[in-house]
Amino acid sequence: MRTEHYDVVVIGAGVSGLYALHHFRELGMSVRAYDDAPTVGGTWWHNRYPGARVDGPSAPLYGYTFSRELIEEWDWPETQAAQSDVLAYVQHVADRFDLHRDIQLETWIQAARYDESTQRWTVETDGGTRISAQFLICAVGALSTPNEPDIPGIDTFAGACLHTGSWPEEPVSFAGKRVGVIGTGSSGVQSIPEIAKEAEHVTVFQRTPQYTIPARNRPLEPEELEAVRTNWDKLLEGMKRPPPPDRPLAIQPGIGHSAYDDTPEERRAVYEKLWEIGTLGFVANNYPELLVNEEINLEVSAFIQGKIREIVEDPETADKLMPDHFYGTKRPILDDGYYETYNRDNVTLVDLRQDPIEEVTATGVRTASGEHPIDILVLATGFDAITGSMLRLDPKGRGGVSLKDKWSSRFHNYLGLMVSEFPNLFMIHGPGTPGVLYLMPLGAELETQWIADCVTRMREQGMGAVEPTHDAELAWDREVNAIAEKTLFPRTDSWYTGANIPGKPRHFSVHLGGPTYFHRIAAVADEGYEGFMFEGERSTGAASD
Ligand code: NAP
């Protein structure tokens, strides 16, 4: 088998992988990126279900920050860009920076193994190519391994069975079809109203009712884009600024004063105003107690429950839709007419807590109360989040140790970037990083810059390998969890805790510090990479065969 040699291999050509490729190439290193999709775009290629769009403001938050030209030349059409627009943006970036020449698409990396004698990684593609690189960057996506539910009989279903996270390339017509949707997270909440507009009938199979806030998406006015460009430096600085000391968690929202400074009536007026404005501002501009104080959280939760009762006409359906967890402790969701959809004659809600699925048959879904005839089944069942794609790759580190074994009971890592016994392997948006609770493109840039600084230092100092100590991993685990324990997050089952995947270790895997996290990892580098072990260069590894 022929072996190709590079300085850096990047797995994934989504938002993170593309930036890693660009950044390392700019440093003068040889880089090759691989992705199994037929185009760049990662999550924005795979999640093409109806209604998919970003839920933060697209300009400036959902975009790269590294190129001022990009900010100047890309016009986002809406406040919350649709999937097709985000995909077009990512493809534009790949063209604009001539990234395609170093990307191999439709290529699955099926094995990755570290060789201690050469201090290099060898990866193998499904096409039978072997690639050797000193550094392996895993930009494999935090939400990219679909959770395929293990429901009895699901393989016997005769119609199309589509997962929102791996949506087919060709258009799907729901016209005249009876559609079943399993799952009511962000993907279900976005897709159900769109599918219901077209389908003959939609049956929603809901396990956990969800809070959702009106998205209030709208076209972006040219003046708004202009304002972003004019104020760019200030905006960027704001995105990177850690929260003030009295709000140590980035996820702690900031209306500017405590909920207890206001009367219950004043608080109600605040919630009403935030609901009218909609968007994720409902969280970001709420009281600082929202995600850390049970009493205030329950008040906000009750406010949204009241909205559900106002919107949903049938009281029995409204009862089924009533969420009972702390608002915001599952990923907040935005919608465009989700609760209203249950007022349609062609939509039925099945509460799986009362009426569980017994099996999927060739022609429908049978719950305890009877059979629901279905032509197309949509699985909006989410992902084996944060760790699933790394485990699917299952790299083999020093002495052949497998990541699956290493992570069998806890996802040990240091700074969310590296794992002990896996030298020279770096993760972007790995467990222990802020991931989706920060700005994904900017987070990827900042993590990549940290990795690249580390690699540059190694080269300058003649180092061949780096890995964290296990003690540093244990301390990091305690640090990430200590932050989470100050909040209501760990008290809810969610993909943040791994509770959505049967058998997955319960481990809160998101760093809730936002920009604080990036200051923390910068400090580790500035102070001499405490917690890391560096090894002198053993071989150039440049031999070819
Ligand atoms: P999700 O939030 O994990 O929701 C999955 C849904 O499927 C939940 O309602 C879950 O119920 C249900 N489910 C899973 N397995 C099931 C089973 N065996 N039987 C019945 N129900 C089952 O997944 P998602 O909606 O794809 O969203 C994942 C994340 O992706 C989001 O939180 C967000 O970060 C990101 N996302 C973002 C956007 C956006 O920016 N606009 C859009 C889509 C997704 P339980 O709650 O009971 O587990």
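The values are calculated or read from the model by the stated rules, or taken from the named source; none is laboratory data. Because the structure is predicted, anything quoted here is derived from the model rather than measured. So basically every Cβ, Gly included, is an ideal-geometry build from the backbone, and we count neighbours across all protein chains shown. Side chains are part of the model used for accessible areas, which takes the heavy atoms of the whole protein and leaves out ligands, DNA and RNA. Shrake-Rupley method; radii C 1.70, N 1.55, O 1.52, S 1.80 Å.
Tabulated data for the structure shown
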{"quantity": "Kirkwood Rh and Cα Rg combined as Rg over Rh, evaluated for segment 476-545", "calculated": "1.19"}
{"quantity": "Surface share of carbon and sulfur [accessible, 1.4 angstrom probe, percent] for segment 409-470", "calculated": "49 percent"}
{"quantity": "Relative contact order, percent, segment 338-433 [alpha-carbon distance under 8 Å, six or more residues apart]", "calculated": "14 percent"}
{"quantity": "Charged-residue dipole, Cβ positions (Lys, Arg, Asp, Glu), segment 400-545 about Cα centre, Debye nearest 20", "calculated": "600 debye"}
{"quantity": "Shape call, segment 57-106: gyration tensor on alpha carbons, a/c limit 1.5", "calculated": "oblate"}
{"quantity": "Solvent-accessible area per residue, Å², over segment 278-342 with all protein chains present [probe radius 1.4 Å]", "calculated": "37 Å²"}
{"quantity": "Dipole axis of the chain (+1 Lys, Arg; -1 Asp, Glu on Cβ), positive-most option in Ser173, Gly153, Leu377", "calculated": "Gly153"}
{"quantity": "Spacing of the two label points (7 Å from each Cα toward its C-beta) at His257 and Glu276, in nm", "calculated": "1.9 nm"}
{"quantity": "Trypsin sites (Lys or Arg not before Pro) lying in DSSP loop within segment 162-223, provided at most 14 other Cβ fall within 10 Å", "calculated": "none"}
{"quantity": "By average C-beta atoms within 10 angstrom, highest first, the peptides 437-450, 321-334, 390-403", "calculated": "437-450, 321-334, 390-403"}
{"quantity": "The chain: relative contact order in percent, alpha carbon pairs under 8 Å with at least 6 residues between", "calculated": "20 percent"}
{"quantity": "Point-charge dipole on Cβ atoms (K/R +1, D/E -1) for the chain, about Cα centre, debye to 20", "calculated": "900 debye"}
{"quantity": "Listed residues Val360, Ala523, Val40: farthest to the positive end of the dipole of the chain (Cβ charges)", "calculated": "Ala523"}
{"quantity": "Folded to 0 to 90 degrees: helix 264-277 orientation relative to the chain principal axis, Cα", "calculated": "70 degrees"}
{"quantity": "Segment 159-318 - Debye-derived log10 I(q)/I(0), Cα point model, q = 0.09, 0.10, 0.20 Å⁻¹", "calculated": "-0.46, -0.56, -1.29"}
{"quantity": "Furthest towards positive pole of dipole, Val510, Val10, Leu61, structure part the chain, Cβ charges", "calculated": "Val10"}
{"quantity": "Eligible aspartates and glutamates near Lys307 by straight Cα distance, threshold 16 Å, same-chain separation 8 or greater", "calculated": "Glu272, Glu276, Glu299, Glu316, Asp319, Asp324, Asp335, Asp336, Glu340"}
{"quantity": "For the chain: span of alpha carbons on each principal axis (Å, largest first)", "calculated": "71, 58, 46"}
{"quantity": "Cα-Cα over 30 Å, subset of Lys240/Lys330; Lys177/Lys320; Lys320/Lys406; Lys240/Lys273", "calculated": "Lys320/Lys406"}
{"quantity": "Zone of Asp493's modelled label, taken as backbone nitrogen in segment 313-332 under 13 Å from a point 7 Å along Cα→Cβ", "calculated": "324-325"}
{"quantity": "Segment 135-249, dipole about Cα centre (Lys/Arg Cβ +1, Asp/Glu Cβ -1), debye to the nearest 20", "calculated": "360 debye"}
{"quantity": "Cleavage-rule hits (GluC sites (Glu not before Pro)) in segment 126-200: DSSP loop, at most 16 neighbouring Cβ within 10 angstrom", "calculated": "Glu169, Glu200"}
{"quantity": "Rounded to 10°, Cα long-axis angle of helix 186-198 versus longest principal axis of the chain", "calculated": "50 degrees"}
{"quantity": "At 0.890 mPa s and 25 °C, Stokes D of segment 1-119 from Kirkwood alpha-carbon radius, µm² per second", "calculated": "158 µm²/s"}
